[in-house]
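> Sharing a structure, written as structure tokens. Questions coming.
Rule-based calculations on the coordinates, nothing more; no lab input. Not measured: the values here are computed from a predicted model.
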């Protein structure tokens, strides 16, 4: 069994910095370790951009999940 999980998040271009910072802060708060980050830019209808982030996260077994439920 792996001791990490893959978390995929997608945000519109105008919100990406704020949302990435929130996700990283939540991981730090829970003691989770982000081991790797990959980013993909998606162009929607030729004008809008969305960003897909793929995080490899080693979870703290005593922390909370993203939905605030205890593990």
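> Restricting to Cα pairs below 8 Å that are 6+ residues apart, what does the relative contact order work out to for the chain? Please round to a whole percent.
40 percent
> Report, as a whole number in µm² per second, the diffusion coefficient that Stokes-Einstein gives for the range 5-58 at 4 °C and 1.567 mPa s using the Kirkwood radius over alpha carbon pairs.
This corresponds to a translational diffusion coefficient of 111 µm²/s.
> For the Cα atoms of the chain, what angle does the longest principal axis make with the long axis of helix 16-30, in degrees from 0 to 90, nearest 10?
0 degrees
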